[in-house]
Structures are given as structure tokens and as C-alpha cells.
Amino acid sequence: MAKAAPNLCFSPLTLNQNRKENFFSSQNGCFIHKPSLKTTFFSPIFRSCIPVRISATPTRTIDHQVTDYNAKILHFCQLGDLENAMELVCMCQKSELETKTYGSVLQLCAGLKSLTDGKKVHSIIKSNSVGVDEALGLKLVSFYATCGDLKEGRRVFDTMEKKNVYLWNFMVSEYAKIGDFKESICLFKIMVEKGIEVNSYTFSCVLKCFAALGSLKEGECVHGYLLKLGFGSCNSVVNSLIAFYFKGKRPESASELFDKLCDRDVISWNSMISGYVSNGLTERGLGIYKQMMYLGIDVDLATIISVLVGCANSGTLSLGKAVHSLAIKSSFERRINFSNTLLDMYSKCGDLDGALRVFEKMGERNVVSWTSMIAGYTRDGWSDGAIILLQQMEKEGVKLDVVAITSILHACARSGSLDNGKDVHDYIKANNMASNLFVCNALMDMYAKCGSMEGANSVFSTMVVKDIISWNTMVGGYSKNCLPNEALKTFAAMLKELKPDSRTMACILPACASLSALERGKEIHGYILRNGYSSDRHVANALVDLYVKCGVLGLARLLFDMIPSKDLVSWTVMIAGYGMHGYGNEAIATFNEMRDAGIEPDEVSFISILYACSHSGLLEQGWRFFYIMKNDFNIEPKLEHYACMVDLLSRTGNLSKAYKFIETLPIAPDATIWGALLCGCRIYHDIELAEKVAERVFELEPENTGYYVLLANIYAEAEKWEEVKRMREKIGKKGLRKNPGCSWIEIKGRVNLFVSGNNSSHPHSKKIESLLKKMRRKMKEEGYFPKTKYALINADEMQKEMALCGHSEKLAMAFGLLTLPPRKTIRVTKNLRVCGDCHEMAKFMSKETRREIVLRDSNRFHHFKDGYCSCRGFW
């Protein structure tokens, strides 16, 4: 019996293993069978058997081709060839590519920020119904996040059924990167609710989010939660906790964690140094660095930068130089962020030459480098240097950013360099930066501080968007530039646009003080109380100054006593207030109180106390304070201090001593010093000395009309009319104009202005004239006679009396008597010094009407009561 053939199916390879000629190697490296013409696929002897599986060879061929596609795509991805990789991905049929391949292409799309190609890959994944596992899901989410479409990345994340902790951490981290800390925390809470096993990275990231939001309580809860999970000794988590507590202004909590941490790394030490420095505890931060050095712990670039910032903040130049040397040894000097911080340290420590050396040695500079250098020149008040740097930047093609521009403008503002500021303004317009809010605010500030409110207003009026700083700059600028009415108008306009803040209050109060607008000031004081701004020390100081300058000294002192923590400004305002009201002894007592409180006086404080002594005739005390300033506080006297001493000598009749004192000054006297002596010559009628002094004054300030008028008045009081005529002709030839005397009085919130010799247009002019005639008649009856020498005209006595009646302060006082309720204090302000005749009239009015009259002239306050004046003749 013939042997039966086995019931087997043979692969072509087995059947033809001895026929090598029937095989060839294809170009793609897969071996393919070449069928023989003699061979049939269905042999008769095998009819009852399953046919030979001819599909074996094609199946293996396709597997090899798929493998080949995956390999080729991965190869293109390694080469960064996205175009060819995408071409192959699009050619492949359904289910031919591995998820790893898709992931690699997505990673390349993310690296090249090709959102379009990545979306195409995502579309192919969805159309081919490829299952998105955790690995591919992470690649998809990462791609979208990297390309700036986190919203789509979140959509992919939300559709995934399985998500591991790494994917959750990635999403938490990405939201934190774009500043959406609340969403990061929300995802963290979902993780906890779903029971996802969090790790150290999760806690590190979420603690940064709580720190950024200032959520101290929630962060403390997370602290408790991580302790329960056993992360309390994890180095990276504890480092994040240290940073969190420092950010939350809890340095002691951070320090406690650091002390308990056994496994400290350089990040732990760096967190302590930067944390202390950022919390204003620079000395403790630098102490940590010294401890680090003592223990021999290696530092990194972050350590060096944090320590340099600390040195800059504390002005510790010696340590900064030592750190600089260490950084050179450690080869950190080539890093641009190190060089920028080093430059800033030298600049802030006052070593501008050192900063310049660092700047010049920098191989690479960015805009931060230039800005730091500009800021250095700004701190030194050298706007010219800042402008030179600006020109260099333009030459080197470095485009200024907002920080650099505002720094240069600040330098111009500090030095009062209006021309340089205008040049920067031209640059701003040429580079289309004029619409930037920060730049506009800095421009207005520069113009205001350089005394050009027209320039400031030109910027302000063209701004589309104005913030509180914009308005405050304008209000404060008008106040400081002696334009109080404009300040009040701007403030009124501001109230219609937005709510003022405490800074606004500190800016508008000086305007009210300048006008002696007591009623308006009281209204603003009420607004301050209603809005809780009175606790702001700047506002409190401005309120004291307001009431001082409105003549309400008692209320000013009451508010001063209510300030819980008085600074040098508080004390100086009160001392100056007593001085200008003629209460020299009270000013001295307040000065001594200040010293007992541990506050050291500065140059301005000494000007205030010397001024007080001068206006009260306290000669000995004035000299004592002058010597205390020089010997005890090592303050070198400036022109203002010398002017006070000359004024003190002149007011007390020591004219020759004052002249000799001026001649022995170590610095050249200015017109103010000579002018103080000239005023003394008028008080004591020393014409010969007045002429000698006037020559010096005219040399220094030939265009100042006031000094010519003062000398003319000295001649007029001595009835030297030819000399008066000569002075008036001189004024006319020079084209100078005398400021007319004007006075104003505030009644029911309305300011009523009176100009000398021009009363006819006032609606109450007849009543005012009648009252003044009545007062003059009563004065004569009681033995008072008009001091006609103050009429300053060459006419008969009757004409002189008529001229005196037209003086603005008399008109304002008379109007106050006619319109204000009985016993209400009359408060008048004059732009010039009160004349002697008006001074006598005010004394008589206070006695006759039993009314208190407060008259503020250009030099001081006069409180008239019961026929006496607080100045006691020292005016």
C-alpha cells in the first residue's frame, strides 16, 4: 500500500528550500517567493486537504512594510524632518502605525511649534480610531500646551478614561505657567477627590500656585495633607514649602522648616537666602550665605544672584565684591543674568564706575543690561549719562523697552532736565510707544517735575486710557507747580471718572493749603474720614499742613498728636507751622520733643527751626541751633540755612553784623540772602546800606521785579521821590512788571478776590468803602493816625489816605466783617507782604469788632486779637 501523503499545509519557503533561484531579495529587504510555472496551487493528491495558504507570504510582507513605515517615520523625527514624516503619516493606511510613532511626530510638531501639522496628526488618530492611551494622551496634551492651545489640550485630557499622575501633574503645571493658578488648584482638588496618588512634584507645583495667589490658609491645609501622606521629609516638597511661607510673609515658618530639614540641598539654602532678601530681611539672608560658606557647601548661579541682590538692597559693597570674585573663579561671569545682577549691585551700592566696568566687559548685553545701567545714572541724577546710553542703544540696534524708557524719564525728572526729557519724548513718538499707559504716566511725571505743566497736560489730554496714577500725577503736578486752582479743577473732573485714593488726597490737600481754602479743605477732610484714608501717614501729614496754612493751628496740633507713628515729615511740618505763626518757643519745644522721640533732624528740619527763631526774634536760640546743626549733626549749612541766619540778624536790627556775616560765608551768597538783608534795611530805614545791598541783588537777579520795588518802597518811606521815580523808570526800561497786590477770602466755599486800587467792580464796593471810612474815622478818634508813608506815592496826605484805603487786604477784611456771621474768624490771604498801615488797621478792627482776624501774607501769619498781633513786630 502506498504511503499516504501527510495532511499538511506547506509554506512556499518549505516547499522550495532547495530552489534558491526562486527567491530574490526586494529593495526593501523583504524576501518574496517567485512561483514556478510548473507548480499548481491545488495539487490533486491534496484535494481533500485544506489548500496551501498562499496568504502567508503577503501577510508577512505587509507586516514588514508597516514596520518599515514606523522605522522611517521615527528616523525622520530624529532628524527633525517634519515634512517627510508628515508625508509618510498621511500615506499610511488605517492601523498601520504604532502609537509610539504618532507620539514621536506629535513631539516633533510641538518642538517646531507647528500647530497645523499636529492637528492633522490628531485628526488622523481620530479617523483611524487609534486608542489614546496614557503615553499618547500625554504627547497630545503636551503638543497642544506647547503650541499655545491649552484649551484643546484640556479637551483631550478630559476625554481620556485613564490618566496617570504624570498627566495630571502636567496639566496642573501648564495652567500654573500661564498664570491660571486657580485652575491648577481646581485640578489638584479633583485629583484628591478621585483618589489619584499624588507625588512630590504635585505638591511642589500646587504650593507655588497657593503662594502666587496668597492663599496662606489653603496652603497650610495642603501642608497638613502632605504630612499625613509622608512627604514631610521630602527635600523638594520642603523646599517648596519654604518658598511658599516666604511668599506668604511668614519667614519664621520657613526658617523652622529649614532647621528641621536633614537633607538640605543647594536649593534649600538658596530658598532661604532669596526668601529673606525678598522679605526685607537682607542681613539674615546674607547670614545664611555666610553659614553656607562656613560649612563648605557648593554654591550655584542662583546662590550668587540672590546674594548680589541682597548686597544691592543693603548697600553692602564689600561683600558684593567678594561674591564677584567667587563668581569669576566659578566661571559664572559669562552668564548674562549674572552680569546684569552684578551691574545692578554696583549701581545700587553707589559704585557707578564699577557698574560701568562690568557693563563694558560684558560680551553679550540685552535690554536688561542697558536698563540697569540707565537706572544707575538715574539714581545718581545724571540724566545726560542716561541720554548718552539711549543714543548708544539706538546705534547698536537695541530697542528700548518700557522699563528703559521710564527709567530715563525718571532720571530727567530727578535732575530737572526738561530738554533731555523732550528728546526722550521725541524717541517715544518715533517708536510708536506713545499709547503705552506706563510711558505716558512717566512722561507726565517728568514734565510736572521739570515745571512744565503744559507739557504734562499735552500728554494727559491725548491719553485714551487714564488710570489713577495719571490723574494723581496731574493733580499733584499742578499743586507742586503753584497752580492750585488747576489742581482743584482737575480733581473735580477726576471725581466724575473714578474714585480717588489716598495718594490723590495727599496731592490735592496742598492745593487747598496754598489757597488757604479752609472750607474746601474741610470737605476733603470729611471725604478722607468717610473712606478711611486718615491712617495713611502721607495724608495725615498733608492734613496737618493744610490746617497750619489755613491758620487753624490748634486743629493742626490736635491732628498731629493723633498720628500714631510720626515720621520726620510730621515733626517738620509742625515745627514750620509754629514758626510761620510766630510761635518760636512752641517750635523749639516741638523740635526737642522730636529729638526725645529718637527722630534725627535733617537739613529741612533745621531750616524750619531757624525760620521759627527768625520770625520770633529768638537770636540766641537761633545761633544755638545753627551750631548744633554743624557740630552735633555734621550738617554743612547750605544757602537756605545762611539765609535764615541773615534774616534773623536783620529782623533783630543787627544789620552790620548781617552784612559782615554774608561777607565771610564759605559759599557765594545768592539773591535770597542779600534780599533778607535788604528787607531788614527797610524795617530799620537804613538807606545807605540798602543801596549797597541792592547793587549785589540786582547783579544776581536783574530780572526780579520784587527787589526793584522793595528798594523803591524804601525810598518812598523816606520820601526820596526822585529816587522812587528813578527806580520806576528803571523797571520800565527793563520791561519788568510789578505783581499787583491781591488778597482773597473764602466765604461759603467761594473765593472772593480783591485787587489793590480796583474795588469799583465789586458788588459790595460801596458798603466796603463806607465801612473802611468809618473804621478810619474811629481810629483817628482814638489817637491812631494813618501811616501814609506806606502809600508809596508823592501826593498830599488826603490822597495818600485814599490810596491806603484801596489796599487789597483792607478790602478783603472789610468784606469779611460785612458778610461773615458775628464772632466767626476772618481769614484773609495776600500774595505780597502786608503793609504797615494795613497791619495797624487789622489790629484796630480786631479790637473794635471783637473779631479774630487771621492774615496770611507771603512771609508769615498774623493773628490779630483784641488789638494785638502774634508777630510782635517781627515781620
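The values are calculated or read from the model by the stated rules, or taken from the named source; none is laboratory data. Model, not experiment: these values are computed from the prediction. Ideal geometry is used to build each Cβ from the backbone, glycine not excepted, and the neighbour counts take in all protein chains shown. Ligands, DNA and RNA are excluded from the accessible area calculation, which covers all protein heavy atoms including side chains. Shrake-Rupley method; radii C 1.70, N 1.55, O 1.52, S 1.80 Å.
Quick notes on this structure:
- Degrees, to the nearest 10: 134-146 long Cα axis against longest axis of the chain: 30 degrees
- Cα pair distances of region 820-875 binned at 10 Å [whole percent]: 26, 59, 15, 0
- Reciprocal of mean inverse Cα separation for region 690-730 (Kirkwood radius, Å): 10.2 Å
- Normalised size of region 163-298, defined as Cα radius of gyration per 2.2 N^0.38 Å with N residues, equals 1.07.
- Three-way shape label, the chain, alpha-carbon gyration tensor, a/c 1.5: prolate
- Apportionment of accessible area to carbon and sulfur, region 637-738, percent (1.4 Å): 48 percent
- Over the chain, dividing the summed -39,500 (n - 2.57) contributions of all DSSP H runs of at least 4 residues by the number of residues returns a 222 nm mean residue ellipticity of -20500 deg cm²/dmol.
- When a 1.4 Å probe is rolled over the protein heavy atoms, the share of accessible surface on region 404-531 that falls to carbon and sulfur comes to 50 percent.
- Each of Lys395 and Leu818 was given a label point 7 Å from its Cα along the Cα-to-Cβ line. The distance between the two points is 7.1 nm.
- The residues of region 637-738 expose, per residue, 50 Å² of accessible area to a 1.4 Å probe.
- Rounded tilt (10° steps) of 301-314 against the dominant C-alpha axis of the chain: 10 degrees
- Summed residue charge, Cβ within 9 Å of Thr825's Cβ, Lys/Arg positive, Asp/Glu negative: +3
- Amide H to amide H distances under 5 Å link Ile747 with Asn752, where only residues 5 or more positions off or on other chains count and H is placed in the peptide plane.
- Spacing of the two label points (7 Å from each Cα toward its C-beta) at Glu283 and Ser565, in nm: 1.7 nm
- Neighbour cut-off at most 14 other Cβ (10 Å), DSSP loop, chymotrypsin sites (Phe, Trp or Tyr not before Pro), region 508-603: none
- Site pair Glu848 and Lys162 shows an inter-label distance of 10.7 nm when each label is modelled 7 Å from Cα along Cα→Cβ.
- Taking a Cβ cut-off of under 13 Å around Glu695, the surrounding Lys, Arg, Asp and Glu residues balance to a net charge of -1, with basic ones at +1 and acidic ones at -1.
- Largest to smallest in accessible area, the residues Val141, Val552 fall in the order Val552, Val141 (1.4 Å probe, all protein chains included).
- Straight-line reach from Lys249: taking Cα to Cα under 18 Å and skipping same-chain neighbours fewer than 8 places apart, the lysines in range are Lys208, Lys217.
- Using R0 = 60 Å, the C-beta based FRET efficiency linking Asp866 and Ala668 works out to 0.85.
- Heavy-atom accessible area with a 1.4 Å probe sorts Glu394, Glu717, largest first, into Glu394, Glu717.
- Full-stretch length increase - Lys228, Glu497 - with 0.36 nm per residue and alpha-carbon distance subtracted: 91.6 nm
- Positive-end ranking of Ala492, Tyr175, Asn758 along the dipole of the chain, with charges on Cβ about the Cα centre, is headed by Ala492.
- Carbon + sulfur, % of accessible area of region 137-269 - ligands and nucleic acids excluded, 1.4 Å: 53 percent
- Local electrostatic count, Lys566, Cβ distance below 14 Å [Lys/Arg +1, Asp/Glu -1]: -4
- Label point at Asn831 placed 7 Å out along Cα→Cβ; residues across region 448-462 whose backbone nitrogen lies under 19 Å: 453-454
- A dipole drawn for the chain from +1 and -1 charges on Cβ atoms has a positive end, and of Leu79, Ala211, Asn239 the residue lying farthest that way is Ala211.
- Each part reduced to its alpha carbon centroid, region 73-135 and region 522-551 end up 69 Å apart.
- Relative intensity, log₁₀ I(q)/I(0), of region 296-381 from a Debye sum that treats every alpha carbon as a point, q = 0.18, 0.22 Å⁻¹: -0.67, -1.01
- Dividing the mean sequence gap of close Cα pairs (under 8 Å, 6+ apart) by how many residues the chain holds gives a relative contact order of 4 percent.
- Net charge dipole size for the chain [Lys, Arg +1 and Asp, Glu -1 on Cβ; Debye, nearest 20]: 2160 debye
- Here the contact order of region 637-738, divided by its residue count and restricted to Cα pairs under 8 Å and six or more residues apart, works out to 22 percent.
- Taken about its Cα centre, region 551-676 carries a charge dipole of roughly 340 debye when the Cβ of each Lys and Arg holds +1 and the Cβ of each Asp and Glu holds -1.
- Estimated FRET transfer efficiency when R0 is 56 angstrom, pair Asp180-Glu699 (beta carbons, to 0.05): 0.20
- Signed unit charges on C-beta, dipole axis of the chain, positive-most listed residue Cys262, Ser129, Leu343: Ser129
- Part-to-part distance (alpha-carbon centres) for region 209-255 and region 311-353, which is given in Å: 31 Å
- Think of each Lys and Arg Cβ as +1 and each Asp and Glu Cβ as -1; about the Cα centre, that makes the dipole of region 637-738 roughly 220 debye.
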